[in-house]
1. Once every DSSP H run of n ≥ 4 in the chain is given -39500 (n - 2.57) and the sum is divided by its residues, what mean residue ellipticity at 222 nm do you get, rounded to the nearest 500 deg cm²/dmol?
2. Which order do peptides 30-40, 304-314 fall in by mean Cβ count within 10 Å, highest first?
3. Using Cα positions and a limit of under 30 Å, work out the lysines in reach of Lys65, with same-chain residues fewer than 8 apart set aside.
4. Bin all alpha-carbon pair distances of segment 10-291 at 10 Å intervals from 0 and give each bin's fraction as a whole percent.
5. Run the numbers on the chain and let me know its relative contact order in percent, using alpha-carbon pairs under 8 Å that are six or more apart.
6. With a Förster radius of 22 Å, plug the Cβ-Cβ distance of Leu345 and Leu367 into 1/(1 + (r/R0)^6) and report the FRET value to the nearest 0.05.
7. Hey, if you drop one equal point scatterer on each alpha-carbon of segment 310-503 and run the Debye formula without solvent, what base-10 log of I(q)/I(0) do you get at q = 0.12, 0.14, 0.15 Å⁻¹?
8. Taking the chain as the reference, fit the longest principal axis to its C-alpha atoms, fit the long axis of helix 107-120 to the helix C-alpha atoms, and give the angle between the two in degrees, 0 to 90, nearest 10.
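Derivation of every value follows stated rules applied to the coordinates shown; laboratory data play no part. No experiment lies behind these values; they were computed from the predicted model shown. Methodologically, a virtual Cβ is constructed for each residue, glycine included, from the backbone with ideal geometry; neighbour enumeration extends over all protein chains shown.
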Amino acid sequence: MRRRECGLAHKLQLLDDVTGTLRPGVLTALMGVSGAGKTTLLDVLAGRKTSGCFKGEIKVNGYPKIQETFVRVSGYCEQTDIHSPHITIEESLFFSAWLRLAPQINSKTKADCVNHVLKTIELDGIKESLVGIPGVSGLSTEQRKRLTIGVELVANPSIIFMDEPTTGLDARAAAIVMRAVKNVADTGRTIVCTIHQPSIDIFESFDELILLKTGGRIIYSGPLGNHSSRVIEYFEGIPGVPQITNNYNPATWMLEVTSASTEAELGLDFSQIYKDSLLYENNKELVRQLSTSGAAARDLHFTTRFSQSGWGQFKSCLWKQHLSYWRTPSYNLMRILNTIAASFLFGFLFWNKGKEINNQQDLFNILGSLYASFIFLGSMNCSSALPYAASERTVMYREQSAGMYSPLAYAFAQVTVEIPYLLIQAALYVIITYPMIGFYASAYKIFWNFYGMFCSMMSFSYLGLLLVALTPNVMAASILFSAFYTTYNLFAGFVIPQPVCFYTPLTTLHCSHN
């Protein structure tokens with residue numbers, strides 16, 4: 001089997017290479033008691049496990065899996081739904097499609113893919129709604145979950161990993177999410193879900209089941225069967241296991257009869273029973289066959305690490321950052337209003353001081369006005385950038401793990417999108433304070449005043465972005481910024497001026513700080 005891009009596979013359907021028919025999708029449930037290692041196994045298979053020690057071999061088409069290429073044909077839906085809050089549903093899908101689909105696919109085909117995914121996850125009716133902040137505004141929990149699925153599906157993956165897609169949802173919301181998952185599986189994709197205590201309807205919507213016990217050992221791996229018949233038949237065939245009662249949830253019954261207390265009571269080891277079963281031997285033979293690369297099998301290979309070029313990644317990230325900035329008045333509008341208020345304040349404090357430079361103290365007053373405005377407005381920019389950059393950083397981690405863009409593309413886009421807002425702030429400061437303080441009306445001097453304020457604001461804003469990148473949370477970044485702010489105050493050249501030394505008639509050297 002291989003993946004075909006949206007432009008070749010109609011309506012995101014995966015086709016069999018040999019027959020050309022629609023490849024049947026497989027919906028696999030990964031279950032077990034708490035602590036059995038469901039999420040750990042899922043993360044290892046998806047290549048998202050970044051800590052701990054694990055060993056073994058994972059093959060794709062009979063070849064060893066390479067994460068950089070495997071991420072291009074797979075999707076991963078985290079348990080927590082992380083999205084940019086100021087982007088619409090449709091824009092979120094377009095952003096994923098632009099960066100993850102092949103560059104040879106034209107814009108119209110990508111748009112068709114996005115529209116079809118919106119219908120598959122049943123969000124086409126509210127596609128222009130902002131994602132919003134969880135628990136505060138925007139989409140509901142189950143709508144966010146479906147958006148998470150859609151963001152991965154629009155990349156046209158061959159396999160999708162989902163970490164507990166129904167956790168935290170009520171029965172109705174869980175049913176809606178699982179209906180969307182089933183719709184995705186019907187397009188010919190393999191889906192692996194970790195799931196905890198599902199209802200009967202949700203459990204029986206799966207095709208395959210992998211059941212783990214404490215310690216990560218498998219006690220069942222095989223088909224679910226119609227109305228869970230294969231699983232029930234397997235466990236009821238074990239001596240001592242009580243039979244399931246009528247209308248009882250097979251998932252609940254299965255977890256109960258395989259619990260540690262039941263094992264101790266019956267004196268059984270379900271893991272060993274599975275290893276001694278015919279099902280285990282069949283699975284081993286299937287794994288052996290699939291691990292051997294056949295004549296028609298090909299190793300996954302891409303000429304580049306990312307689907308898009310560096311310039312394409314930068315443009316896509318800049319587009320998304322522009323929309324996020326424009327729709328975040330709590331960050332950008334507030335700092336512009338604060339700049340206007342502070343500019344008027346400094347203008348009134350140093351009213352016409354620029355026309356009254358008669359001695360050294362008058363010159364110090366002018367330098368003090370520049371120092372105070374630069375350090376105040378700059379630190380205000382830095383402190384306001386910290387929470388916004390931190391909220392977008394978690395989204396960036398998810399998108400980078402999906403292989404959407406490189407860190408440099410994102411960093412350059414975030415740096416570039418700040419420039420227009422900093423230019424507006426610097427221009428407002430000069431327009432307000434320059435005539436109020438009474439500086440000389442010279443284009444040369446106006447330019448350097450504007451340039452100095454712009455560079456000051458830019459350095460402080462970029463310092464805020466740097467601190468967020470270096471620290472684990474906003475609190476740590478704020479604490480670190482206080483140290484930088486103190487250092488700036490001490491060594492800015494105004495608070496501690498250079499000593500001025502002179503000789504008296506008695507040839508004694510005197511020094512004073514001016």
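1. Values: 18 runs with 268 residues, N = 514.
After summing the helix terms and dividing by residue count, I get -17000 deg cm²/dmol.
2. On the way: 30-40: 18.5, 304-314: 15.9.
Put in order of decreasing packing, that is 30-40, 304-314.
3. Lys11, Lys38, Lys49, Lys55, Lys110, Lys145, Lys182, Lys213, Lys275, Lys284
4. Over segment 10-291, the share of Cα pairs per 10 Å bin runs 6, 26, 34, 23, 9, 2, 0 percent.
5. On the way: 711 pairs, mean separation 88.1, N = 514.
Relative contact order, the chain: 17 percent.
6. Here the calculated transfer efficiency is 0.80.
7. -0.67, -0.86, -0.95
8. 60
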